[in-house]
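As structure tokens, the structure follows; a few thoughts come after it.
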Amino acid sequence: MHRNTIAPFVRRWSLGVAIAAASLVSAGCSDDDGDGGNGPDQPRSFNQIQRLGNPLISEVLLAKRSHPTHGSIGPQDDVALIGAEALGFITGPGSVAGRSDDYANTLGGALLPDMLIVQTDKDPAGAGWLTWLPLAPFANGYGGRALDDDVVDLALLAVFGDPFGADPDGAAGKETLTTDNVAADSPILASFPYVGEPN
């Protein structure tokens, strides 16, 4: 008789615990905005504070004071709002690189708007920074950025060298400025996440 009175109680208690647990899980998943879980009541907006496409634009071609502008606009505004400053770094009176207008325009055409271009109809083996360009030595590749791309050397080459074959005379004597002499030293893993451990 003792067992018969306890068993229903235990079953009721277990059922009560299960219902309470389900309620807690349900409440934890709720967005608590009163709309039945269909999203926020009010439209929300966010401020973009940074974007990085090509490794060359913000870090090399723009003054620090212009980084917030670059970070807050979209690619559609790059030519109008940062184009003159970026190309002015390459050419013009007192420029750092001292390149011709033609070369600066070629480089600007490749880097502005500041987006990483990926052409998925091309062979993925041709992945690499600026390889989407139909200009030597890029050979019309897949684009994007490969993990083993030395983007610092590539950026220096773009500013002080002549990767496009557009200004060979202007690149003369600047060959020592096209590398930072630092090789990649993080192994690339064979499986996800592919990026090696930080040093």
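Annotations for the structure displayed:
- Residue ID - surrounded by the most Cβ atoms within 10 Å (Cβ to Cβ), chosen from residues in the stretch 135-150 that are on the phi > 0 side of the Ramachandran plot and over 19 Å from the mean Cα position of the chain (by Cα): ASN140
- Boolean, VAL152 is closer than 19 Å to GLY109 by Cβ, of a type in the set (A, V, I, L, M) and not in a loop (DSSP other than H, G, I, E, B): no
- The set of residues in the stretch 166-183 being exposed (fewer than 12 other Cβ atoms within 10 Å of the Cβ) and part of a loop (DSSP other than H, G, I, E, B) consists of ALA172, GLY173, ASP180, ASN181, VAL182, ALA183.
- The residues listed here are ASP78, ASP114; of these, the one that is surrounded by 14 or more Cβ atoms within 10 Å (Cβ to Cβ) and in contact with a Leu (Cβ under 6 Å, 6 or more places away or on another chain) is ASP78.
- Of the residues making up the stretch 85-114, those that are over 25 Å from GLY143 (Cα atoms) and among the small types (Gly, Ala, Ser) are GLY88, GLY92, GLY94, SER95, ALA97, GLY98, SER100.
- Given (1) touching a Leu at 6+ places or on another chain (Cβ under 9 Å); (2) without any contact (Cβ under 8 Å) to a residue 12 or more places away in the chain, number of the condition LEU156 does not satisfy: (2)
- Within the stretch 123-134, being buried (at least 17 other Cβ atoms within 10 Å of the Cβ) and either in a loop (DSSP other than H, G, I, E, B) or touching a residue at least 24 places away in the same chain (Cβ under 8 Å) (or both) holds for GLY128, TRP129, LEU130, THR131, TRP132, LEU133.
Every read-out reported here was derived from the displayed coordinates using simple, explicitly stated rules and does not represent laboratory data. Given the structure is predicted, the values throughout are model-derived calculations rather than measurements. Cβ atoms come from the backbone with ideal geometry, glycine included; neighbour counts cover every protein chain shown.
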